[in-house]
Amino acid sequence: MKLSRRGLIGAMGAGAGLLQTGPSVAQTEPALKPITGDARPISPAERQSRLEKAQRLMVERGVGALLVEPGSSLEYFTGVQWRRSERTTAAVIPARGDVVIVTPFFEEPSVRETLAVPAEVRTWDEPDSPFLRLAQALHDRGASSLPLAVEGTTRFFVVDGVREAAGGLKVVAGDPVVRACRLIKSPAELALMQTANDVTIAALRYVHGQVSLGMTAKDIAAMMGKATMSLGAQAVEFSLVLLNEASAYPHGSNKPEVVREGGVILMDCGCNVYGYQSDISRSWVHGDPTARQRKVWGTVKRGQEIALETAKLGVPVGTIDDAVRRYYESEGWGPGYRLPGLSHRTGHGIGLDGHEAAYLVHGDSTPLQAGMCFSDDPGIYIPGEFGIRLEDCWHMTESGPKLFTGLAKSIEDPI
């Protein structure tokens, strides 16, 4: 579970510390050395194969092109790492022919820096309409008479502008095309995710040994961020630290808290390596846990195990959530998504985005296939007291689920 994507430094209150930072952070932990030296970015050849698959799917669906704004899908298909603003940058991925990227004139050199596939870059000046450029690209690629598929996160003003500039062409959802490409991870993607998870678990192990009485959540989050960068991550995606009662609320509280004897420490952390993400949570008690804390921790751990035991090829992914929730209800939690209990889904897909399809939530009928990647994070939350969340990521194989990191051992040895 996480809150937001890479790029900024931020923090919540003292009860819930959240640090985000990027590769410009100069501070490092001298005891830690980079472990990402063997990681390799996705090759241009693999990106080209992604484009070819998307084009085949578009032809099958009678779609002329796919419109994609900056974000993880643009990076996935073209390598371009860019940001969204009121100045439109977007790609037309035609069913036939090379990609066309439209961007402001003065942004072209920056956009080209990460472009990893053959593509034509067309620019527009400040007085011009980017939507006319995009409409012309559709015409030039023979796509203007067919429906335009739009990637799901594309902003309305971009879709509306292109539709009007192209004379009212039909717009359809692009998610069936994008999802069919991104849902199954390649060996290269899995390798990068493994490295990202290796970094995060190593950083958590280091931080776990450094936490002391009186520390704030921000103190711990900052230490986690520095350790993560020292271990070689490209960016810290998030370092969420929930102390004491704040751990009862999955994304924290603004109530001031510090590490205290007998209090719960919940950390939910992730990084990225060449764009691919990790997401790991660990919970423990500073000092001696109570019988209630120990019981809840053990129940959450068993929930993680049940999720993995339920993961079979072909089963709807939502049934994994159902199985965990049945067990929790048998232990007196819930029912359903009610508190005290598990108020969020059992897990989410992960890859270039920390949260992406498919989802381990009741009703998601996506059949489980080899190559899919998920988090496994069924927590239990008791408002006014504490919460426990344990989270590890895994990918499905032909022989069953395979964890990127081993499950937590015990409340005393949570890493």
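The values are calculated or read from the model by the stated rules, or taken from the named source; none is laboratory data. The structure presented is a predicted model; accordingly, all values stated were derived computationally and were not measured. Neighbour counts are summed over all protein chains in view; Cβ atoms, including those assigned to glycine, are modelled from backbone coordinates with ideal geometry. To get the accessible areas, we keep the full protein, side chains included, count just its heavy atoms, and leave off ligands, DNA and RNA. Shrake-Rupley method; radii C 1.70, N 1.55, O 1.52, S 1.80 Å.
One table, with the values for the structure above:
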{"item": "Antiparallel bridges, percent of DSSP beta bridges restricted to the stretch 53-123 (to nearest 5)", "result": "60"}
{"item": "Stretchable slack from THR397 to ASP98, in nm (0.36 nm times residue separation minus alpha-carbon distance)", "result": "104.3 nm"}
{"item": "Candidates PHE77, PHE374, PHE157: whichever shows maximal mean-square fluctuation once the chain is modelled as a Gaussian network with Cα springs under 10 Å", "result": "PHE157"}
{"item": "Estimated dipole of the chain in Debye, rounded to 20 [Cβ of Lys and Arg +1, of Asp and Glu -1, Cα centre]", "result": "320"}
{"item": "With DNA, RNA and ligands ignored, accessible area of ARG292 (1.4 Å probe; Å², nearest 10)", "result": "110"}
{"item": "Candidate residues GLU398, GLU257: accessible-area rank, largest first, probe 1.4 Å", "result": "GLU398, GLU257"}
{"item": "Rounded accessible area of LYS402 (nearest 10 Å², 1.4 Å probe)", "result": "120"}
{"item": "Selected from PRO187, PRO130, PRO383 as most flexible by GNM, with the chain as the system and alpha-carbon contacts under 10 Å", "result": "PRO187"}
{"item": "Beta bridges by DSSP in the chain, antiparallel share as percent, to the nearest 5", "result": "80"}
{"item": "Solvent exposure, largest accessible area first (probe 1.4 Å, DNA, RNA and ligands not counted), of ARG182, ARG141, ARG302, ARG389", "result": "ARG302, ARG141, ARG182, ARG389"}
{"item": "Solvent-accessible area, 1.4 Å probe, carbon plus sulfur percent, for the stretch 235-311", "result": "53"}
{"item": "Those lysines that a straight Cα-Cα span of less than 21 Å connects to LYS33, excepting residues fewer than 8 apart in one chain", "result": "LYS226"}
{"item": "Violating pairs (Cα-Cα greater than 20 angstrom) within the set LYS185/LYS409; LYS301/LYS409; LYS218/LYS255", "result": "LYS185/LYS409"}
{"item": "Centroid-to-centroid separation of the stretch 152-216 and the stretch 322-378 [C-alpha atoms, Å]", "result": "18"}
{"item": "GLU329 - accessible surface, heavy atoms, 1.4 Å probe, Å² rounded to 10", "result": "80"}
{"item": "Antiparallel bridge percentage (DSSP; both residues within the stretch 35-191; nearest 5)", "result": "35"}
{"item": "Max mean-square fluctuation residue, GNM over the chain, Cα-Cα springs under 10 Å, options ALA165, ALA370, ALA233", "result": "ALA165"}
{"item": "FRET E, pair SER85, LYS409, Förster distance 45 Å, beta-carbon r, rounded to 0.05", "result": "0.45"}
{"item": "ARG122, ARG84, reordered so the largest accessible area comes first (probe 1.4 Å)", "result": "ARG84, ARG122"}
{"item": "Net charge of Cβ neighbours under 10 Å - reference ALA188; Lys, Arg +1; Asp, Glu -1", "result": "0"}
{"item": "Mean separation of Cα contacts under 8 Å, 6 or more apart, over the residue count of the chain: relative contact order %", "result": "18"}
{"item": "Residues of the chain: accessible area per residue with a 1.4 Å probe, Å²", "result": "39"}
